[in-house]
Amino acid sequence: MSLETNHNSFGQLSDLADGLVIELSDSLIKFGEFQFNESEPLYTCHYPIENDLHHPLSKHLINAVKHFQLSKKTYKHVYINYFTSQFTLCPSTFYNPENNRALLEFNAGSIGNTLILTDDVNADIKLIYAIDEQIKSTLDQLFPNHFIKHTLTVLSKLMLSSEELVKEHIILEINDNYIEVVVKQDQKLLLANQYTIKTQEDVLYYVLFILEQYHLNPLTTNIKIIGNIDTSSPLINSLKKYIKNINLGMGHKTINWSNLKGMPQHFNYTLLNRLFCE
């Protein structure tokens, strides 16, 4: 599939862009520049991280910001989607900031000297996660006004609040080496989790396991697929053999897609829809 992006403002001192969204993981950094007042993405770009360079994520972020000349612009709004496997969910009723480290290590293993941040998924649930102090310091220096959320927080908030997802039971984000899954029933969160994958069979296994675990019928459960995966991929075809209602995600109805011609709306989903999570 050919993707076309309008790069009229790319790398230039443009007054159009007032917002930036960054999605950070150990293997990939995504950027999206926006005109937030118009709900209009201007461009998206990716910065793959090569494992053989042995640099910390903070160094890769600095290099990526320089590469795309983002430091030449001043943004009113900067949102960060941060992926880490070191997280846990906690009912708000039992939340105590003093117990964050112990609770996180109990559920996610040793977290060393990392910082601990907390997101409000909704009024009932908090997501506690670890972030490397160096990457947080780099974000503070590059974008002092940024707002950071865990990627699962973003996905969960969209699942619980977006009109486009109101009839969905499961949203499944597919990445190269992991998936993120959110399950809801009657607009209540049942599951928000990550799973490491190596093959498409792994994805199928986890999805079928979740259906069984939560007693969801493959014939009536609605599953929304997002991620940079082709419409006709073998994985989607494989899922459709077992699950009747498999559909690709559509972005928020107010997004102006005129500058992202050729990009399916399920691509870069959490990047492009982040502005509806605040």
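Measuring with a 1.4 angstrom probe and ignoring ligands and nucleic acids, His67 comes out at about 120 Å² accessible. Only DSSP H runs of four or more residues enter the estimate; each adds -39500 (n - 2.57), and after division by the residues of the chain the mean residue ellipticity at 222 nm equals -7000 deg cm²/dmol.
Using a probe radius of 1.4 angstrom, the carbon and sulfur fraction of the accessible surface of region 26-82 is 45%.
Judged by the mean number of other Cβ atoms found within 10 Å, the most tightly packed of the peptides 152-162, 108-118, 124-134, 249-259 leads the ranking 152-162, 124-134, 249-259, 108-118.
Extents of region 21-142, largest first, come to 43, 40, 21 Å (Cα atoms, principal axes, whole angstrom). Distant-in-sequence amide contacts of Asn222, defined by a placed amide H-H separation under 5 Å and a gap of 5 or more residues or a different chain, comprise His169, Ile170. Lys188 exposes around 140 Å² of accessible area when a 1.4 Å probe is run over every protein chain in place.
The protection proxy used here, the mean number of other Cβ atoms lying within 10 Å of each residue, ranks peptides 170-177, 203-210 as follows, highest first: 170-177, 203-210. Solvent-accessible surface of the chain, taken per residue with a 1.4 Å probe and all protein chains present: 49 Å². Projecting the Cα positions of Tyr95, Val121, Ala17 onto the charge dipole of region 15-123 (unit charges on Cβ atoms of Lys, Arg, Asp and Glu, taken about the Cα centre) puts Ala17 furthest along the positive direction. A Gaussian network model of the chain, with springs between Cα atoms under 10 Å, assigns the largest mean-square fluctuation among Tyr82, Tyr242, Tyr47 to Tyr242. Legend: residues Leu275, Leu239, sorted from most to least accessible area (1.4 Å probe; ligands, DNA and RNA excluded), read Leu275, Leu239. Ignoring ligands, DNA and RNA, what percent of the 1.4 Å accessible area of region 90-227 is carbon and sulfur? Answer for region 90-227 is 50 percent, counting heavy atoms of protein chains only.
The values are calculated or read from the model by the stated rules, or taken from the named source; none is laboratory data. Owing to the predicted nature of the structure, the values given are computational and were not obtained by experimental measurement. We place every Cβ from the backbone using ideal geometry, glycine too, and count neighbours over all the protein chains shown. Surface accessibility is based on the protein's heavy atoms, side chains included, excluding ligands, DNA and RNA. Shrake-Rupley method; radii C 1.70, N 1.55, O 1.52, S 1.80 Å.
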